[in-house]
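I have placed the structure first, in the form of C-alpha cells, so that the comments after it can refer back to it.
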Amino acid sequence: MTHKELISCPSCLHKANLELLYQIRNTPVHQNVIYDAFDGAINCRRGELSLLYCHNCGIIFNSQFRSELLEYGEQYNNKQSVSEYFKSYLQDSVELLIQKYEIINKIIVDVGCGNGEFLELLSRKSHSKGIGFDPSYVGPSQTSNAHFISDYLTEKYSPLRADVLIFRHVLEHIDKPNQFLSTILKYLHIDGDCKIIIEVPDFDWIVEQGSYWDIFYEHVNYFSKQSLRNLLESIGLNVIDIFNQFNGQYMVAIASYEPCNISKNDVNIKFSTNCSMIEIFKRNIEKKNDEVGKIINQFEANSLFTIWGAAAKGVTFLNCLNSDIQKRIPFVIDINEAKHGKYCAGVGVKIMPPAILKQRMDVKNIIVMNPNYIQEIPVFLPKNNIFNLVSI
C-alpha cells in the first residue's frame with residue numbers, strides 16, 4: 001500500500017500527493033531530555049522518523065511519530081536563555097510585539113510556555129497579565145506579571161479569557177496541528193479580536209543549510225512560510241504577517257482570530273509544489289555530510305574533539321556520527337549548569353562546563369552546533385590557550 005492510502009496530511013487532511021522525503025531509524029525520541037546515568041542515556045526511548053512531504057499544502061511531517069513515546073517532565077531541559085545572544089533575541093522579539101503589533105495591556109495566554117521566561121518578559125514589558133501552560137514548567141506558580149500552570153491547556157480550564165494567544169516552538173511538536181489549534185481556540189473566551197503569535201523553525205533554512213541535525217523525533221512537523229500560512233488559514237485565522245528571526249532559523253506568524261467572522265467554507269489551500277526543493281534538500285544534506293567528514297578528517301589523526309551545545313542540534317548530530325568518530329568525543333560542552341554532569345540521549349556522552357577545557361589540554365578542536373553563538377564562545381574559553389572553533 002502507498003503512503004497516500006494509509007495516511008492523511010495533519011495540516012490539510014488530504015490523503016493524496018504525499019512523498020517520502022527523509023528517514024532515520026532507531027533514533028532517540030527526546031533530544032532535550034538529560035539523563036543522570038550513562039545507561040539511562042544509552043537505553044533511552046527510540047522511534048522511527050519518516051518524513052513525508054504534502055504536495056497539496058506544503059507541510060512536511062513524520063508519519064511514524066508516536067506521541068505516547070514522549071514525556072515532557074522535569075528532566076526535559078531546552079533552556080536557551082543562558083546565552084547572552086539568546087537573551088538579546090528574546091528582548092528584541094518582545095519589543096517588536098509591543099511596538100509593531102500593539103501587545104499592550106492584554107491578557108496573554110502562552111501554550112507551551114517552557115520555563116516561562118518569554119511570557120514573564122512580555123507580560124512585564126507590555127503591562128499585561130500572562131497565563132502560561134506547560135507540563136514541563138518548573139518554578140513559582142505566580143510571578144509579578146504571570147501565572148504558571150504545570151499542565152496542558154485542556155477543557156477543564158475553559159472558558160479562558162485571552163486577548164493574545166502564543167505558541168512558541170509548539171506546533172512542530174504536535175502531531176495533529178490542525179485539530180490542536182482548533183481545539184485550543186474553543187477553550188478561549190474572546191471579546192472581539194485575539195492576536196495569535198506562532199514561532200517555529202523555518203524548514204527552508206534547514207534546506208538551504210543542509211543541517212540534517214535540525215531534523216529529529218521531537219519535531220513531528222516542519223513548516224515553510226507558505227505551509228504555515230495554509231495551516232492557519234485552514235482553521236479560519238487571518239494571517240497578518242510572517243517573517244524570519246534568529247538569523248533565519250526561526251519564523252514568526254502573526255494572525256488574528258475573530259470567532260464571529262470564521263467561515264471555513266471560504267478557505268482555499270494555495271500552494272504551488274516546489275519539486276526542486278525536494279532535490280535541493282537531498283543534495284544539500286549529502287553536501288553537508290561530506291563537509292562534516294572533511295572537517296573531522298582535517299583534525300589531527302585520531303585526535304579528540306568536542307561539540308559545543310548539548311541541546312537538540314548537538315544531540316542529533318552526535319547520534320548521526322559513526323561509532324568510531326563518537327569515541328573521539330570525550331564530552332560535550334554546554335553553558336547550561338543544569339546539564340552539567342548529565343548524559344546525552346542515545347550516545348551517553350557526558351555534558352561538561354567550558355571549564356573542563358582547562359583540565360583536558362588534549363581537546364583543542366570544537367565543533368559549534370549553532371553559528372549564532374560562535375561570537376560569544378571565546379569568553380568561556382581558558383585564557384592563553386588556542387582553540388579551533390568550527391561552525392557547521
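The values are calculated or read from the model by the stated rules, or taken from the named source; none is laboratory data. Note that the structure is predicted; figures quoted are calculated from it, not measured. Virtual Cβ from ideal backbone geometry, glycine too; neighbours counted across all protein chains shown.
Pairs meeting the criteria (first residue in segment 353-372 and in contact (Cβ under 8 Å) with a residue 60 or more places away in the chain and within 15 Å of V390 (Cβ to Cβ), second residue of a type in the set (G, A, S) and buried (at least 17 other Cβ atoms within 10 Å of the Cβ), beta carbons under 8 Å, at least 6 apart or on different chains) are V368/G309; M369/G309; M369/A311; M369/G314; N370/G309. For segment 241-251, the criterion of being within 28 Å of S67 (Cβ to Cβ), at pLDDT 95 or above, touching a helix residue (DSSP H, G or I) at 6+ places or on another chain (Cβ under 7 Å) and crowded, with 21+ Cβ neighbours inside 10 Å is satisfied by at least one residue.
Only one of the listed residues (K282, K339) is of a type in the set (D, E, K, R), at negative phi, surrounded by fewer than 21 Cβ atoms within 10 Å (Cβ to Cβ) and not assigned by TED's automatic domain parsing to the domain that holds H55. That residue is K282.
Keeping to segment 192-228, report how many residues are in a strand (DSSP E or B) and either without any contact (Cβ under 8 Å) to a residue 60 or more places away in the chain or farther than 16 Å from C54 by Cα (or both).
The total comes to 9.
Against the conditions (1) at pLDDT 95 or above; (2) closer than 25 Å to L90 by Cα; (3) not acidic (D, E), A311 satisfies every one except (1).
Reported count of residues in segment 347-367, each being aliphatic (A, V, I, L, M) and within 20 Å of V33 (Cα to Cα), is 4. The residue that is farthest from the chain's Cα centre (by Cα), among those in segment 118-146 that are under 23 Å from H30 (Cβ atoms) and in a loop (DSSP other than H, G, I, E, B), is G139.
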